[in-house]
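Q: Structure below; questions to follow.
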Amino acid sequence: MMVSMTDSALQDGITVGAAANAAGVTVRTLHHWDEIGLASPSGRSAAGYRLYTQDDLDRLDRVIAYRAAGLALDTIRGLLDDLAPGGASTLREQRSLLAARIRELQRLDERLGRMIDAHERGILLTDDEQSEAFGEQWDPQDALTARARWGGNLQWSQFAERSASRSKAQWQRLADDMRKLQRDLADARHRGVEPGTTDADRLAERHRELFSNFFPITIEMQVCLVRMFEEDPGFAAYYNGLAPELASWFRQIVDAAARSRGIDPDAAAWQ
C-alpha cells in the first residue's frame, strides 16, 4: 500500500502519529527507524514539530515493502541509500526465498485441506476406490456413519489425521492385511484353536497392531472394541459369515490375551 498525504498536507507534511497511521505501523516503530537513520521526518512545523514530507513517506513506503519481503533493516538501508552492491541481485535472491516460502505455504494449505476433508469424510478415496480397496461389500457411507457415531472423540481425530496422509496404495495394503487377518481368524476357528493358546494370543496381538494403524489402541480398548464387534448385529453377522460363531470366539481370544497380561476384561474401559 502506498503511503501518501492528502493535498492539504503536501506543503508542510504530517506528524509521526499520522504517518504511522497511514503506514500501518506503530509510532514506536517510526521512532526506532528514525533513530537508526532508516526513515526519518525531514520537515518542521511552525511550532517546531518534526513532520514527514511526501519524499519521507515515499522512502517509508519502500522500507515497508522491503520489510514485508523479509529483508533485514540493515540491508534495506543499504538498498535505499545505494550502499548495497548488487541491489538487484539481493532482491532477486529474496524473491527466490519468497517463492520457496509460497510453495511451502501452498503445500501446508493442501495438507490442511486434506485434514479438514478427512475429519468430515473419514476416508479420502472415491466410492469406486473404496470398493476396489475394501471389496464390493463395503458401503462408502460406512465412514460417514462412523463419523456420526464417533466424530466427537479423540480416536476419530487421530483416525482422520492419519487418513489425511494415507495414499490409495497404503489403504489397499491395510485392507489386504485386514482381510488376511480375518481369514486367519476364520481358519483358526475352523481348526479349533482355543483361547489362551499361543496361536490365539498371536492372532489377538496381530489384530491390535493392525488396528493401531487407525489410531493408538491399548489392550483394554481392544477388549472394548471386540466386544462391540460381538454385540453389534452388523459386525457380528460379518464375522459369523466367515466362520461359525467367529464374533464370540474372537472376543474370547482377546479377553484371554488380556488376562495373560494382567488385565481383567470384565473391567476393561476405553482408555
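Q: Please identify the trypsin sites (Lys or Arg not before Pro) of the stretch 162-271 that satisfy two criteria: DSSP loop assignment and at most 16 other Cβ atoms within 10 Å. Which are they?
A: 261
Q: Right, here's the next one. From the list (1) 101, 37, 32; (2) 61, 44, 31; (3) 57, 47, 37, can you say which value of Cα extents along the principal axes in Å was derived from the structure given?
A: Here Cα extents along the principal axes in Å agrees with entry (1).
Q: Compute the helix-to-body angle for 141-150: its Cα long axis versus the longest principal axis of the chain, expressed 0 to 90° and rounded to tens.
A: That works out to roughly 80 degrees.
Q: Here is a follow-up. What is the fewest-to-most order of 198, 145, 218 by other Cβ atoms lying within 10 Å of their Cβ?
A: 198, 145, 218
Q: Where does each of 230, 93, 35, 129 land when they are ranked from fewest to most other beta-carbon atoms within 10 angstrom?
A: If I rank by nearby Cβ atoms, fewest first, I get 35, 93, 129, 230.
Q: With 10 angstrom as the radius, rank 27, 223, 63, 16 by how many other C-beta atoms surround their C-beta, starting from the fewest.
A: 27, 16, 63, 223
Q: Take every Cα pair under 8 Å in the chain that's 6+ residues apart, average their separations, divide by the length, and report that relative contact order as a whole percent.
A: Normalised by residue count, the contact order of the chain is 12 percent.
A short reminder: the numbers here are calculations on the coordinates, not readings from a lab. Everything numeric in this text was worked out from a predicted model, so none of it was measured. All Cβ positions, even for glycine, are placed from backbone atoms using ideal geometry, and neighbour counts span all protein chains on display.
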